[in-house]
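Colleague: Got a structure for you, written out below as structure tokens; questions coming shortly.
The values are calculated or read from the model by the stated rules, or taken from the named source; none is laboratory data. Since this is a predicted model, take the numbers as computed values, not measurements. Cβ atoms come from the backbone with ideal geometry, glycine included; neighbour counts cover every protein chain shown.
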Amino acid sequence: MAKPESRSRKKEPLPQDLVALRQSIEDSPVYLQKQQLPLITRVEQFTRLQGRLVKIAQDAVDQLQLDIKYLLFDLEVTRKERNALQQQIDEGYEEC
């Protein structure tokens, strides 16, 4: 089972455009900051969430691909065992 992510972990880096936009907002007059800082904060949170979701989806796809490889290997071995047993049965009937 996957470990829950630690809250103390460093935040994922944001795209440079968002960093520049935040800096531009912080450099603007206070009345504009009051309007725009909550919005950029929400966009940053959404961007981080989106990055985590993409990582979770990629991890799930990777695990699924690995599981499929194991299943295909198991299927191949099972078919070989079945064929070998069928051959033993056929040889047994030929002797009678």
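Colleague: Taking the options L14, L39, L21, name whichever one is loosely packed, with under 14 Cβ neighbours inside 10 Å and either modelled with pLDDT under 95 or not hydroxyl-bearing (S, T, Y) (or both).
Modeller: Exactly one of L14, L39, L21 is loosely packed, with under 14 Cβ neighbours inside 10 Å and either modelled with pLDDT under 95 or not hydroxyl-bearing (S, T, Y) (or both), namely L39.
Colleague: OK, next. For P13, indicate whether it is in a helix (DSSP H, G or I), out of contact with any Pro (no Cβ under 6 Å at 6 or more places or on another chain) and not β-branched (V, I, T).
Modeller: no
Colleague: Of the conditions (1) at pLDDT below 95; (2) of a type in the set (A, V, I, L, M, F, W, C); (3) touching a helix residue (DSSP H, G or I) at 6+ places or on another chain (Cβ under 7 Å), C96 clears all except one; give me its number.
Modeller: (3)
Colleague: Here is a further query. Within region 24-33, how many residues turn out to be surrounded by fewer than 10 Cβ atoms within 10 Å (Cβ to Cβ) and part of a helix (DSSP H, G or I)?
Modeller: 3
Colleague: Another one. So the check is Cβ under 8 Å with 6+ separation or different chains; which pairs have a first residue in region 21-34 that's of a type in the set (G, A, S) and a second one that's in a helix (DSSP H, G or I)?
Modeller: Note: pairs meeting the criteria are S28/Q36.
Colleague: Right, something else. Looking at Q87, Q58, which one is surrounded by 10 or more Cβ atoms within 10 Å (Cβ to Cβ), assigned to a helix (DSSP H, G or I) and at pLDDT below 95?
Modeller: None of the other options fit; the residue is Q87.
Colleague: Let me ask you something else. Which is charged (D, E, K, R), out of contact with any Asp or Glu (no Cβ under 6 Å at 6 or more places or on another chain) and either surrounded by 11 or more Cβ atoms within 10 Å (Cβ to Cβ) or outside any helix (DSSP H, G or I) (or both), of R52, R79, R48?
Modeller: Within the list R52, R79, R48, the selection yields R52.
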